[in-house]
Amino acid sequence: MLDPTVFIVDDDAAVVDSIVELVMSVGLSAAAFHSAKEFRDTFNPDRPGCLVLDVRMAHTSGLALQEELNAIGATIPIVFISGHGDISTAIKTIKAGAVDFVQKPYHDQQLLDAINEALRRDAEGREAADDSEAFVKGFAALTEREREILEHVVRGLSSKSIAKELDISYRTIELHRSHIMGKLRVRSVAELIRLVIERR
């Protein structure tokens, strides 16, 4: 997987340079943009990272860019920065999914903490998406008999009870259960049940 990038969007060149320097000083990758359009034109949802976004900019505001990203289903975590922030604006951005709202002038550590939290959320979200995709593929690979047995497992029945109910041998049930767990990439029955319930 690619290393995460901190994408910085602000029409104030001095602020952009300052944040790039700060981000790179702690070993993170940074990419700078001086307008919402510039960022939008190169945005790739497959690239891991987060967005540090100024609220007020010429042409397209940070709030408008957040709305556009939400509209296309983009999940990149956003840290807003603003020299004009008020409570209502901060609440609006957070309700729309922003990770944090940092007011200028900010303390370096305050901004880095917000960025690290945004990167953590991005990594978590991507891992969950990968797990979900793996589950869908694994479930599609189950045979009709395996799906039938899975339903009984989710109901909490033991292999002996399933064998009796379906009138097949205990050994066959255990073999099917092993195949199910392999295809769905789980290591325990408890994990299997939790995964199926979550997906439903």
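No lab work stands behind these numbers, since they all come straight from the coordinates. What you see is a predicted model, and the numbers here were worked out from it, not measured in a lab. Using ideal geometry, Cβ is built from the backbone for each residue, glycine included, and neighbour counts are taken over all protein chains shown.
At-a-glance table
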{"quantity": "Rounded, prolate or oblate (a/c below 1.5 giving rounded, otherwise prolate when a/b exceeds b/c) for segment 1-88 by Cα gyration tensor", "calculated": "oblate"}
{"quantity": "Paramagnetic reach from ALA64 in segment 1-20 [backbone N under 18 Å; point 7 Å along Cα→Cβ]", "calculated": "9-12"}
{"quantity": "Sorted by Cβ neighbour density within 10 Å, fewest at the top, the residues MET24, MET181", "calculated": "MET24, MET181"}
{"quantity": "Selection from ALA114, VAL20, GLN103, by position along the positive dipole direction of the chain (Cβ)", "calculated": "ALA114"}
{"quantity": "Label of the coordinate-derived value, Rg and Dmax of the Cα atoms in Å, listed as [x] 16.4, 50; [y] 23.6, 74; [z] 16.4, 57", "calculated": "[y]"}
{"quantity": "Segment 51-142: GluC sites (Glu not before Pro) falling in loop per DSSP and having at most 10 other Cβ within 10 Å", "calculated": "none"}
{"quantity": "Restraint check, LYS95/LYS183; LYS37/LYS95; LYS95/LYS137, Cα-Cα greater than 31 Å", "calculated": "LYS95/LYS183; LYS95/LYS137"}
{"quantity": "ALA14-ALA123 pseudo-label distance in nm [points 7 Å out on the Cα-to-Cβ vector]", "calculated": "3.5"}
{"quantity": "At most 16 other Cβ within 10 Å, DSSP loop - trypsin sites (Lys or Arg not before Pro), segment 79-180", "calculated": "ARG155"}
{"quantity": "Added length on full extension, which subtracts the Cα-Cα distance from 0.36 nm per residue, ASN44 to ALA71", "calculated": "8.2 nm"}
{"quantity": "FRET E, pair ASP130, ASP3, Förster distance 22 Å, beta-carbon r, rounded to 0.05", "calculated": "0.85"}
{"quantity": "Relative contact order (%) - criterion: Cα under 8 Å, at least six apart; region: the chain", "calculated": "15"}
{"quantity": "Shape parameters for segment 141-199, alpha-carbon atoms, Rg then Dmax in Å", "calculated": "10.5, 30"}
{"quantity": "Percent of beta bridges antiparallel (DSSP, the chain, rounded to nearest 5)", "calculated": "0"}
